[in-house]
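Structure record follows, encoded as structure tokens.
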Amino acid sequence: MSPYLAECVGTALLILFGNGVVANVVLAKSKGKDGGWVVITIAWGLAVMLAVYAVGRISGAHINPAVTLGLASIGAFDWAQVPGYIGSQMVGAIIGQTLVFLTYYAHWGQTDDPAGKLACHCTAPAIRKFGPAFITEFIGTAILLFVILALGKVALGADSDAAAWSSAIGTWFGPMLVGLLIVAIGMSLGGPTGYAINPARDLGPRIAHAFLPIPGKGTSDWAYAWVPIVAPILGGITGAQLFVLLNL
């Protein structure tokens, strides 16, 4: 499998599990209805973990343009591969969201709230102020890149006496720790915006929302769409640069 196809598959899995749990909690007559924020944040962490386990050995499992750009900005990823990675992530996000749509096909028409249907696809601010929402997404993604790099440094920086631990954390525990990081970000920082922290995770499903035949779906909220694109990109680059600057 090429790394580009791996990024597509990994991002599709991320969205299928991640937005799948939102649909389970939000849509009418679902057995998971009203499961709550804790269910959503834990499932999103599991979504990231499982996607990384699935394709990490092939592409590194960026599954997020902010990760790809953040790593490229510090010389940890080849700029020549950036467009292919981001394009693959976008396609994967649309595919994953289409699978969510099909899985919950019978429930869209049973749900009256257009905002709830949109929430199964993409994010929106709890308080509709774009400036604070931008800051939230910027901070969340900066933390994401900073801690991912820290976890990678732990895996790669162990001395020879700790070679077994280094291999274990990188191969087995690494994806699990990244998943726990997503849970922590969601539970701590996710309330204001729904923590996109990933342009593909938000934009791909938002595009799917625009073209899928969802009954009574309402607007795709394109006025807000730039925030979960621009803020995570700038935040991811900042978090990666800060990690290098601090020489941790």
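Between Gly191, Gly35, Gly131, find the one with the highest GNM mean-square fluctuation for the chain; connect C-alpha pairs within less than 10 Å. Ranking Gly191, Gly35, Gly131 by mean-square fluctuation puts Gly131 first.
Enclosing the Cα atoms of region 33-134 in their convex hull gives a volume equal to 146 cubic angstrom per residue. Counted by Cβ distance under 15 Å from Pro228, the other residues give a net charge of +1, where Lys and Arg count +1 and Asp and Glu count -1.
Applying 1/(1 + (r/R0)^6) with r as the Cβ-Cβ distance of Phe130 and Val39 and R0 = 35 angstrom yields a FRET efficiency of 0.80. Free of any trypsin sites (Lys or Arg not before Pro) that DSSP assigns to a loop and that have at most 13 other C-beta atoms within 10 Å, the longest stretch within the chain is 130-248.
What fraction, in whole percent, of alpha-carbon pairs in region 186-226 exceed 13 Å separation? Of the Cα pairs, 59 percent sit more than 13 Å apart.
At 222 nm, what value in deg cm²/dmol follows for the chain if DSSP H runs of at least 4 each add -39500 (n - 2.57) and the sum is divided by all its residues, to the nearest 500? Helix contribution divided over all residues of the chain: -22500 deg cm²/dmol. Cross-link check: pairs Lys129/Lys217; Lys33/Lys153; Lys31/Lys153; Lys129/Lys153 evaluated at a Cα-Cα cut-off of 30 Å; pairs beyond the cut-off: Lys33/Lys153; Lys31/Lys153; Lys129/Lys153. Full extension of the chain between Ser188 and Trp79 gives 36.0 nm of extra length, using 0.36 nm per residue less the Cα-Cα distance.
For the chain, modelled as a GNM whose springs connect Cα atoms under 10 angstrom apart, the maximal fluctuation among His121, His209, His107 occurs at His107. Highest GNM mean-square fluctuation among Val39, Val227, Val52, for the chain modelled with Cα contacts below 10 Å: Val39.
Taken together, the values in this text are just the output of simple stated rules run on the coordinates, not laboratory data. Keep in mind it's a predicted model, so treat the numbers as computed, not measured. Backbone-built Cβ (ideal geometry, glycine too); neighbour counts: all protein chains shown.
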